[in-house]
């Protein structure tokens, strides 16, 4: 694409701006169930997507032969762009336009590990898919159309941007931010940060204990509160769960951290709830007792896997289902189906241990879902 003139790049910039607006506004509108303009401008475009798209086309193209290099170059470049853009917009407009506080690993809520990984994936997508589509479009559209469309959309966007900036900008704050003394302070602070690798802060003090609501209350939170009514199946589910959770050895799972700040006990309880509620939503006919036992005991390994990945059964990720099943079998009477739910819940990591029942598939899915939430979010539940 390097042989194209400025008019082609301007048109490409406009298309990426509009594509970014369509993507973000669609996702937000579907989530909130009402039309939402995700951009900070009035029109259907988000300039950072245009800048980011062109940036990826320029910087990733030289590394096209190596996917790993493309991924990391895109990750670093787009994360830097996102942070700078967030800081600049907060400085100019006095408000935050995106917030990553729901994620566990963030920096000033402007960037996060999750968003950075997403930019890396987007770099691969733009380099190996979007760039070829862009090239095809530019080669097949009339030159006059590209010139007129790019110029008109750019002018409209510029007028929109200037009007928005003039209306919302905090001039006094901007003047203060870009004063010589303040810039010097930021440079000194940047030098101090650059001299060390930022890491995750160590936890100090005792972990604050979470008070879990009752099983019934959690089931109500997962459904429509206004129409929630306990059924006979719900009562059987609660009765079975309470009987298992009352066991002293099961209570020991509260001592061990599973993911983030969530204990193994909390994790197993939430997997059990999600698996059951998902079965209800799909109107599946299941063995409730088997589902509850398998879900609540699927991580019944009773040790801190963070202190050592290797156990007598092998590497934790692969071996802990075996350990959990053995502990469960020695503590409770288990059917073959219940033992299978525990043994097979780590599929596809344990490739040969495929879930063999509806209950096992439900627990397998719920375990992945809960693990992802607990790892990425500060407040998963």
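The values are calculated or read from the model by the stated rules, or taken from the named source; none is laboratory data. Quick caveat, the model's predicted, so the values are computed rather than measured. We place every Cβ from the backbone using ideal geometry, glycine too, and count neighbours over all the protein chains shown.
Just a few scattered comments:
- Within the range 331-340, the set of residues being touching a helix residue (DSSP H, G or I) at 6+ places or on another chain (Cβ under 9 Å) and closer than 16 Å to residue 244 by Cα comprises 331, 332, 334, 335, 338, 339.
- Residues that are touching a helix residue (DSSP H, G or I) at 6+ places or on another chain (Cβ under 8 Å) and over 13 Å from residue 131 (Cα atoms), drawn from the range 53-69: 63, 67, 69
- When the range 159-190 is limited to residues that are under 33 Å from the mean Cα position of the chain (by Cα) and at pLDDT 75 or above, the one that is farthest from residue 8 (Cα to Cα) turns out to be 164.
- Only one of 284, 302, 291 that is surrounded by fewer than 24 Cβ atoms within 10 Å (Cβ to Cβ), closer than 20 Å to residue 334 by Cβ and assigned by TED's automatic domain parsing to the domain that holds residue 234: 302
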